[in-house]
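Just so it is clear, none of the values below were taken in a lab; they were calculated from the coordinates. Every value quoted in this text rests on a predicted model; they were computed, and no experiment measured them. Glycine also receives a Cβ, built like all others from the backbone with ideal geometry; neighbour counts cover every protein chain displayed.
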Amino acid sequence: SIETISIGTLDTPGTQKTKMACYTLKTLLFLLLWISSSWCSAFVPHCHNQQYRNVSRRLKPVSRSVAHVEKKSTATTTRRDASYVVQTAFQTTGVQKVLELGVVAWIGMALRDKLDAKAITALLLNALVPAVIVSSLSTLTLSAEMGLVLLSGVALTLIQLASGELAARFVVALDNGNGEKNEETSIIQRTAAIQLGTMAPALSVFSFTREFVGASYAGFAALADVPTKLYTLLLIPYYLRFRGAGSDAAVSIGDNDTESTKNGLVAIAQHLAKLFSDPFNLAISSGLVLASLGRPVSSLGFAGKAVGGLVQAQTAILFLLIGLKLKFGGDRPKLCLRLLLARHGFCSLAVSAFLGLFLGAADSAPRLAAVLSSHAACSIIAFGQISKVVTEGGVKGYDTDLAFDLVALSFPFTVMLNTVACLAGSTYVNMLPVIGGAFLALSAIIGKFS
């Protein structure tokens, strides 16, 4: 066979020599490969490390550049995020509304020499604000909640009275430092206590409540204002005479003959007639009647549209009036600022306790509405009552200039507070105790350095 021939051929002597030469060549190749592998194992790592170091040396500037770029990119991203947050906050409905109303107030400031602030105030009090009240109350559904709202209004009235009294005593000292009573400071304290204990939510609260909380809560705020209006229109004239100084006040209180009693009854009847003929109270009663009939103002056709137009104009006219009256002059601006800070400080602490006791489980909307109502400005009607008992009744012991300064400064102060409260929302309501304490501390600091 072929295999036998091949093997036989390889076994020849010549073939044996060739075979030995092949084995020798294989051995030399193996030794050469072993030596080369040993040399490479010693030299290649050194080359590799050197190459790595060279590459690393070349890459270090690149890595630093990359790190710098990443850091710069992170900073740029952070700035873009902050810019996005600011831009987003700027474009929110609340901020845009505040800026819009700020422009209206600036227009009012520019037109101080052209417009009559008293006429615009009369327009607000007798036409626009009553329209807001009617429109808001007519959307309500009569229920037991209205009784609770009235009770809340009574509590708020008592809180304001107590806050005004405490603020006057906190800021104004009765003695001159030697233990002697100072009559001038007594007059200031008495005037401040009564004026700070009043509220005017129609001009300073209702528009904020309607814009940022809801129309129904504006109606509740108007209903809660009823006890305050009863106090301001009916009771405060007698309270002023009771606390006033001078013989005229004493005679008006102490005379108990028949003629005085008749005059007192006539005065009460006149006050009652005024109470029910007042545009505010007429608006409240009309709104309640419409609510009982289930007929909101919007369902009254052209009459409802007319009232709706007045409602839409109320907010803009209010801030136009604020621009007209926004003045920080006067004889005692620091004193008025301290009194207002103390008033809102004590009121914030009391309202915070009220919310914790009675509205702890309520939604954010009624809690915010209650806080906005507690921020109400001082009543200009109360200032009119003080002026009336001083000029017509001969009652002494009141400073009408201080009462007016408090009213004038309380409106922009309240607008700023309610603006912050509406933008912050639940955060402001939850921080109310801290805010109240901060107001009291700030009032004390201003008094110390003034």
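Assorted remarks:
- Sparse-neighbour loop sites [trypsin sites (Lys or Arg not before Pro); the range 190-241; at most 10 other C-beta within 10 Å; DSSP]: none
- Mean separation of Cα pairs under 8 Å and 6 or more residues apart, divided by the residue count, gives the range 295-450 a relative contact order of 37 percent.
- Descending Cα extents along the principal axes, the range 370-449, whole Å: 48, 30, 17
- Amide H contacts of Ala377 (H built 1.01 Å from N, under 5 Å, at least 5 apart or other chain): Ala200, Ser204
- Sorting 155-168, 338-351 by their mean Cβ neighbour count within 10 Å, with the most densely packed peptide first, gives 338-351, 155-168.
- Under 5 Å between amide hydrogens, built in the peptide plane, is the criterion, and for Gly397 it picks out Ala245 among residues at least 5 positions away or on other chains.
- Placing a pseudo-label 7 Å from each Cα along the Cα-to-Cβ vector at Val434 and Tyr238 gives an inter-label distance of 4.5 nm.
- Sorting the segments 211-222, 392-403 by their mean number of nearby beta carbons within 10 angstrom, highest to lowest, gives 211-222, 392-403.
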